[in-house]
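Structure first, commentary second.
Every read-out reported here was derived from the displayed coordinates using simple, explicitly stated rules and does not represent laboratory data. Owing to the predicted nature of the structure, the values given are computational and were not obtained by experimental measurement. Note: ideal-geometry Cβ built from the backbone for every residue, glycine included; neighbour counts use all protein chains shown.
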Amino acid sequence: MHVAGYVLVGGCSSRMGHDKARLRLPGHLLLVENVAAKVQKIAGNVTLVGNPAAYRDLAMECLPDLRSGKGPLAGIESALAAQGAELNLIVACDMPDLKSEWLAQLLAAAEASDRQCVVAEDLVGCVHPLCAVYRSTCLPVVRAALADGHLRLMDLIDSLSVERVKFETVIRNVNTPEEWESWCASQTELSSAAARVS
């Protein structure tokens, strides 16, 4: 079954104030590099979706949105239209806690299901449309939503046949400097705790 992996980097990061894909993690990897490596590991390939000029310094292909200014739904359209893969693992660039195991579970569920979309749902019941596997059959639905100006991702999820994969953790996105600082502080605490144990 043909699988394609994508990381959406096309947002304007207005709440962060600068490109959140380029936030630097402990160990010096960029956030987008970290997320892309996990998608590559599970899907076998990875392509960024956003402004190619902004990411030409990274050793990854980057597709432009087919429609500018339409938010992440346009990124999903570009991904689904790119390779014609049956299964498309599509992930946001702003999830520093993303685990390869989550993506493997989503892909396994998609391979075993005939649903149009398999999406992550976290411990508190939050559904994550940008941590999901979309079948190629979603493309006409996505294009119809864009044409009608219905850009909310949860509206898209509601219009598809969906399977939710429950993860017993909170899945965090970092959209603001405060959220990023909170995440960085949590990593420092984890490192300190690990050092005490060892």
In nm, give the distance between the simple-model label positions of Glu168 and Asp97, each being 7 Å from the Cα along the Cα-to-Cβ direction.
1.5
Net lengthening on full extension, Asn45/Thr137 (0.36 nm per residue, minus Cα-Cα)
31.1 nm
If we count every other residue with Cβ under 13 angstrom of Glu101's Cβ, Lys/Arg +1 and Asp/Glu -1, where does the sum land?
+1
How high is the FRET efficiency from Thr176 to Arg56, r the C-beta distance, R0 30 Å, rounded to 0.05?
0.65
So how much slack lies between Ser113 and Ala37, counting 0.36 nm per residue of separation and subtracting their Cα-Cα distance, in nm?
24.8 nm
Most fluctuating of Gln116, Gln187, Gln83 in the GNM of the chain (C-alpha, under 10 Å) is Gln187
Enumerate lysine pairs in the chain that are 8 or more residues apart or on different chains, then count those whose Cα atoms are under 21 Å apart.
7
Rounded, prolate or oblate: which one fits the range 23-92, using the alpha carbon gyration tensor with axes a ≥ b ≥ c (rounded when a/c is under 1.5, else prolate when a/b beats b/c, else oblate)?
oblate
FRET efficiency for Ser159 and His28, using Cβ-Cβ distance with R0 set to 41 Å, rounded to 0.05:
0.50
Calculated FRET efficiency, Glu86 and Ala185, Cβ-Cβ r, R0 35 Å, to nearest 0.05?
0.25
